[in-house]
Amino acid sequence: DAPLEKWRIFLHPTQKKRVNRDLSGPARGSGEAGTGKTVVAMHRAKYLLGQGKKVLFTTFTANLVGDIETNIMKILSLQEAKKLDVKSIDSVIVSYLYSKNKKVKIIYDEDKLLNYWDKAIATANVDLELDAYFYMEEWRKVATPLDVLSVKKYISVPRIGRGIRLDRTQRLKIWHVFEEYKELLDKDFVRDIDYATYEAREILKNNPDTPYDSIIVDEGQDISANA
C-alpha cells in the first residue's frame with residue numbers, strides 16, 4: 001500500500017544481512033532485474049557511512065547517477081551525506097586525471113575518433129590493408145584493457161577473439177599507428193575513454209592514494225572491463 005517513492009528505498013528484511021556484513025575484501029551481489037540490488041547497494045553505502053567511512057558510489061551512466069543520488073539522500077543523515085560521492089565511472093576517471101594535472105577532454109563521438117585514426121594511419125604510412133575501425137577496435141579490445149601500451153608487450157600479447165591473425169612484423173607496424181594516434185590525442189589534449197581509463201589505472205598503480213575507504217559499483221556488468 002505504500003507509494004512508489006518508498007518502494008524505491010525499501011530494504012527487505014531478508015536482504016539486511018547482506019547490507020550489514022563485515023567483509024575483508026571485494027564482494028559481488030547478483031540477482032534478477034527488480035530484486036533490489038540497487039536498494040541493497042544504497043543501504044550498504046549507508047552502513048559504511050555510519051562507520052565513518054568515505055564512500056564512492058559509482059555506476060555507468062549520468063542518468064543512473066541522478067536516480068541513485070535522489071533516492072539515497074532519503075535514507076542518509078546530513079553528516080552521512082557529506083562523506084558520500086555519487087558519480088558515473090567516466091566522471092570519476094576524468095576528475096582523477098584532473099587531480100593529477102592531466103587536464104584532458106573525453107571524446108565519445110566514434111566518427112571523431114575514427115578521424116584521429118585515419119590521420120594516424122596516414123602519418124604512420126604503413127603498408128597494411130586495415131581500416132581505421134580495425135585499429136580502433138584493436139586499441140579498445142587488446143591494447144588498453146590488457147595494459148599493453150608498449151611495443152614489447154603488444155607484440156607478444158594473445159589477441160583472442162580478434163579474428164585476424166597478426167605476425168610480429170604486422171604488430172610492429174600497427175604499434176607505429178598507435179604511437180601516432182597517442183601523439184595526436186596528446187597534441188589536442190583529448191582522450192578516448194579507454195585511453196583515459198588506462199592512464200588513471202597506471203597512476204593509481206604507482207600512487208594508490210584514493211580518497212575513498214570504500215567503493216560501491218552499481219550495474220557493474222555494464223561498465224567496461226577496462227575500468
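The values are calculated or read from the model by the stated rules, or taken from the named source; none is laboratory data. All figures in this text were calculated on a predicted structure; none of them were measured in a lab. As a convention, Cβ positions derive from the backbone with ideal geometry for all residues, glycine included, and neighbour counts pool all protein chains shown. Just the protein is used for accessible areas: all its heavy atoms, side chains included, with ligands, DNA and RNA removed. Shrake-Rupley method; radii C 1.70, N 1.55, O 1.52, S 1.80 Å.
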inquiry  = I'm checking a number: the convex hull volume of the Cα atoms of segment 1-84, normalised per residue, in Å³. What is it?
reply    = 118 Å³
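What order do you get for 112-118, 143-149 when each peptide is scored by the mean count of other beta carbon atoms within 10 Å, highest first? Please report the intermediate quantities before stating the final value.
On the way: 112-118: 16.9, 143-149: 18.6.
Descending packing order for the listed peptides: 143-149, 112-118.
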query = Can you tell which of Glu202, Glu69, Glu32 shows the greatest fluctuation in a Gaussian network model of the chain with Cα springs below 10 Å?
reply = Glu32
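Restricting everything to alpha-carbon atoms, can you work out Rg to Rh for segment 164-227 with a Kirkwood hydrodynamic radius?
Expressed as Rg/Rh, it is 1.09.
Hey, what's segment 85-151 come to in accessible area per residue, 1.4 Å probe, Å²? Walk me through the numbers on the way to the answer.
On the way: 3520 Å² over 67 residues.
Solvent-accessible surface per residue comes out at 53 Å².
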remark   = Once both label points are put 7 Å beyond Cα along the C-beta direction, the Lys152-Thr123 separation in nm becomes 2.5 nm
remark   = Reduced to Cα centres, the span from segment 1-42 to segment 141-184 in Å works out to 42 Å
note = Counting sequence-distant residues (5 or more places) and residues on other chains, those with an amide H built under 5 Å from that of Phe57 are Asp85, Val86, Lys87, Ile216
inquiry  = Please enumerate, by chain and number, the lysines with C-alpha under 24 Å from the C-alpha of Lys46, excluding those fewer than 8 residues away in the same chain.
reply    = Lys6, Lys16, Lys17, Lys37, Lys54, Lys74, Lys82, Lys83, Lys87
request  = For segment 109-227, count all C-alpha to C-alpha pairs, find those more than 26 Å apart, and express that count as a whole percent of the total.
outcome  = 24 percent
remark   = Burial-style ranking of 176-189, 119-132, average other-beta-carbon count within 10 Å with highest first, yields 176-189, 119-132
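Report the relative contact order of the chain, percent, no decimals, based on alpha-carbon pairs under 8 angstrom and at least 6 residues apart. Let's see the in-between values first.
Working: 221 pairs, mean separation 63.0, N = 227.
Reported as a whole number, the value is 28 percent.
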